[in-house]
Amino acid sequence: MTSEPQALPLHATLYEAARVMRDKGIGDVLVTDGERLCGMVTDRDIVVRAVAERRNTVFTSLAEVCTAELAVLGPDDDTDTAVRLMREHAVRRLPVVDGRHRPIGIVTVGDLMLAGLDGPGPLSEISKAPPGL
C-alpha cells in the first residue's frame, strides 16, 4: 500500500489534479468531501472525460468528472481481497479507507506485483482487463 495518498477536495479543478499528478509522478488523485473519500480521478479520466469533451480543465471541478462509485479496502484487508476486488470491478487501484471512510492509502496492481503476487493468474488478468479507473 502506498500511504498518504494525494487527495483534493470536490471543488478542486482538473488542472490542479493534473499538476499534482505531474509533480508527484502519479496517475490518480483521491477526491474528498471534508475528510471523507467520495471519488477518484485518474489521468485517463482527465483525458477521456474532460479533454476529449473539450472541457476547460481550469474551470472543471473534480466533482464533474471523478468516479464516485469506488471499491475500497479497509486497513485490515489482505492481498487476496485486493486481488478479488480488482478483478470484480476491473480496476487497477483501490483506495484504503479507515472506519470513518477517510483515505489512508491506495493499493495498485503494481503494489501487488511488488509484493510477489505477479506471474500468471489474477494479476495478469487484471492487467489485461479494460481500464475502469
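The values are calculated or read from the model by the stated rules, or taken from the named source; none is laboratory data. Values in this document were obtained by computation on a predicted structure and should not be read as measured data. Glycine also receives a Cβ, built like all others from the backbone with ideal geometry; neighbour counts cover every protein chain displayed.
Numerical summary
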| quantity | calculated |
| --- | --- |
| Cβ-Cβ under 9 Å pairs, at least 6 apart or on other chains, the stretch 67-83 side in contact (Cβ under 8 Å) with a residue 24 or more places away in the chain and more than 16 Å from HIS101 (Cα to Cα), far side assigned to a loop (DSSP other than H, G, I, E, B) and aromatic (Phe, Trp, Tyr) | none |
| In the stretch 56-101, the residues that are exposed (fewer than 14 other Cβ atoms within 10 Å of the Cβ) and basic (Lys, Arg) | ARG100 |
| Any hit, the stretch 25-43, residues being part of a loop (DSSP other than H, G, I, E, B) and acidic (Asp, Glu) | yes |
| Of residues in the stretch 101-133 being among the charged types (D, E, K, R) and modelled with pLDDT under 95, the one nearest to ASP77 (Cα to Cα) | ASP111 |
| Some residue of the stretch 105-117 being without any contact (Cβ under 8 Å) to a residue 60 or more places away in the chain and charged (D, E, K, R) | no |
| Selection from the stretch 28-59 of residues that are touching a residue at least 60 places away in the same chain (Cβ under 8 Å), under 15 Å from the mean Cα position of the chain (by Cα) and under 20 Å from LEU73 (Cβ atoms) | ASP28, LEU30, THR32, ARG36, LEU37, MET40, THR42 |
| Flag for ARG55 being among the basic types (Lys, Arg) and assigned to a helix (DSSP H, G or I) | no |
